[in-house]
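Here is the structure we will look at, set down as structure tokens.
The values are calculated or read from the model by the stated rules, or taken from the named source; none is laboratory data. Please read all numbers here as calculations on a predicted model, not as lab measurements. With ideal geometry, Cβ positions are generated from the backbone for all residues, glycine too; neighbour counts draw on all protein chains shown. Note: accessible area is taken over every heavy atom of the protein model, side chains too, but ligands, DNA and RNA are not part of it. Shrake-Rupley method; radii C 1.70, N 1.55, O 1.52, S 1.80 Å.
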Amino acid sequence: MLANSSLFANNIKEKTEPGFFEEEAKKLPARHFDVVIAGGGTAGVICAIASARQGARTILIEHKGYVGGTPVEGGTALHSFYNLWKAFPGVKKRQLVKGIPAEMVDRLTARGGATGYAEMVIHYDYDSVCTAIDTEMYKLNAHEMLDEAGVYVCVNTLLAGAVKKGKRVEGVILESRSGREVIFAKSFVDCTGYADLAARAGAEYSEPNDYAVVNSMGLANVDIEKYYKYLASQNAVGQLAYGVRSGEPGQIIRIGSEGSSGYPDEFVKGAREIGMSAISTTVHDNYLMFIKMNLKLAVSPTNRDAVSKAELELRKRMQTGVELFREYIPGFEKAFISRTSPSLCIRRGRLITCDYDITHDNVLNGDYFEDDVFVYGFHDMAPRYKVKDGGSYGIPYRALCVKNVENLFVSGMMITSDHNAHMSTRNTVSCMGQGQASGTAAALCALNDLSARELPYSKLRYALENGKVYFES
Ligand SMILES: Cc1cc2nc3c(=O)[nH]c(=O)nc-3n(C[C@H](O)[C@H](O)[C@H](O)COP(=O)(O)OP(=O)(O)OC[C@H]3O[C@@H](n4cnc5c(N)ncnc54)[C@H](O)[C@@H]3O)c2cc1C
């Protein structure tokens, strides 16, 4: 692949034409588990806890030094544990996603690391609640919960390959400073976001390249009340929620102008040039998170050289972004960048073909299936697109089973081909719900020597309900 690539970083010419080198075969140390979870992000953390709680010997592979994934690096708030009741007068407020995802957020909230489910007061026809998180506490909280569940957590470890026999995945190849090794197991779940495991295991996939790549910054030294007064004076407060900030209730925890109304023309022009979106959240005084720089690549974000260039471009854009804020927006005069993502984020890398592909009609109509594993109700394109009557739709088990592979599940942003349907299923709380479902299923399969399609739905449903998963049908 690389040998044919003409996209070399920094335009440095290679000495000779790229070619090939045959790597020597190696004898690897091997270990055995029941379930392997690849990727310790949004879905993977919940997935591993769910698997271990079923009694399966579970290993989690994460290539960064911490767990958490995109919510600690890219997003604005966790969307969404509730239905969109505020947009539909008379509709009952319901918490749709419970189970391990809610347990994790409730625990984080209790220790001051999340805002809980603060109600939106403006633009509540987009989401009726806002769950903002302290990104560092989220990493710690999630890692502690994995530890308590008895998951064998390997951070700083890259999933580098898959061992496959016929239609079964037999093992995964890992790389870390301890060397290269193989882990054999009975069930596997790919939660890497980019579907590194499924792709290496030969699963059918495509690369739609239908989103921009993003890095997002946290700005410290921000006078949030001054910023609010400025937006209010321009009649431009587009998003607003109040909640607990630095331990004090009734504080602004989500703020932004919808679109670019209310900002000075020079700021709007500059922001457009760097693809900046300014809606942000916080759990701390003087701090706003997740101001995003977007950059659309001409090629898929799996292309290393294009991504290398994008990483530099996004860092330049973040620097320009903070300078724009300092110059033009009251409250940001002394702001500085206090956090960026270690690498750019993406809303979709590879798309894996599963036994069922959730459609946009399924989402909008609030369809349920005979094999639902949880229900969900948020759509990132609301108020344009909303789930019928502010209700929910079901995520079927089949949507998590990788086509033509007997013992491989996927969870997270790699499912759902229709872009508009994906604008619902890819959101954090959906990924978490998927994680609990796939982790539970993977463990039940491994413990009972079943392949994914042999697992009786009644057994899975029973285990999910025991795990406090909520259903509406
Ligand atoms: C910029 C941006 C803003 C967003 N805003 C919101 C928002 O406001 N609200 C919302 O609900 N959703 C938002 N989303 C969507 C949501 O955050 C993601 O779709 C979701 O978090 C993806 O979860 P995941 O589990 O699939 O992947 P991730 O959470 O990204 O987890 C994947 C994990 O796998 C690890 N990994 C990857 N490859 C390997 C490998 N080969 N070996 C080992 N580990 C590996 C990664 O390090 C990571 O920890 C946003 C997404 C982006 C990109």
Computed log₁₀ I(q)/I(0) - Debye formula, equal Cα scatterers, no solvent, region 281-357, q 0.18 Å⁻¹: -0.84
Qualifying GluC sites (Glu not before Pro) for region 331-427 [loop in DSSP, other Cβ within 10 Å: at most 14]: Glu333, Glu370
Of Lys186/Lys403; Lys139/Lys309; Lys98/Lys186; Lys86/Lys388; Lys269/Lys292, pairs whose Cα-Cα distance is over 19 Å: Lys139/Lys309; Lys98/Lys186
Carbon and sulfur %, accessible surface of the chain computed with the full protein complex present, 1.4 Å: 50 percent
Top positive-direction residue, dipole computed over region 149-205 with Cβ charges, set Ser176, Cys191, Gly166: Gly166
Within the chain, longest stretch free of exposed chymotrypsin sites (Phe, Trp or Tyr not before Pro) [DSSP loop, at most 13 other beta carbons within 10 Å]: 22-473
Residue-normalised accessible area of region 44-179, expressed per residue, 1.4 Å probe, Å²: 37 Å²
Debye log10 I(q)/I(0) at q = 0.16 Å⁻¹ for region 329-473, Cα point scatterers: -0.84
Under 5 Å, built H, 5+ apart or other chain: amide partners of Ser338: Gly218, Leu219, Ala220
Surrounding net charge for Thr42, when Lys and Arg each add one and Asp and Glu each subtract one, Cβ distance under 11 Å: 0
The chain: calculated mean residue ellipticity at 222 nm from DSSP helix runs of at least 4, using -39500 (n - 2.57): -8500 deg cm²/dmol
Probe 1.4 Å, protein heavy atoms only - accessible area per residue of region 230-375 in square angstrom: 42 Å²
DSSP-loop trypsin sites (Lys or Arg not before Pro) across region 303-338, with at most 13 other Cβ within 10 angstrom: Lys334
Full-stretch length increase - Glu323, Arg180 - with 0.36 nm per residue and alpha-carbon distance subtracted: 47.1 nm
Distance between modelled label sites at Asp106 and Tyr228, nm, 7 Å Cα→Cβ extension: 2.9 nm
Cleavage-rule hits (trypsin sites (Lys or Arg not before Pro)) in region 15-71: DSSP loop, at most 15 neighbouring Cβ within 10 angstrom: Lys15, Lys26, Lys27
Rg and Dmax [Cα atoms of the chain; Å; Rg one decimal, Dmax integer]: 22.2, 70
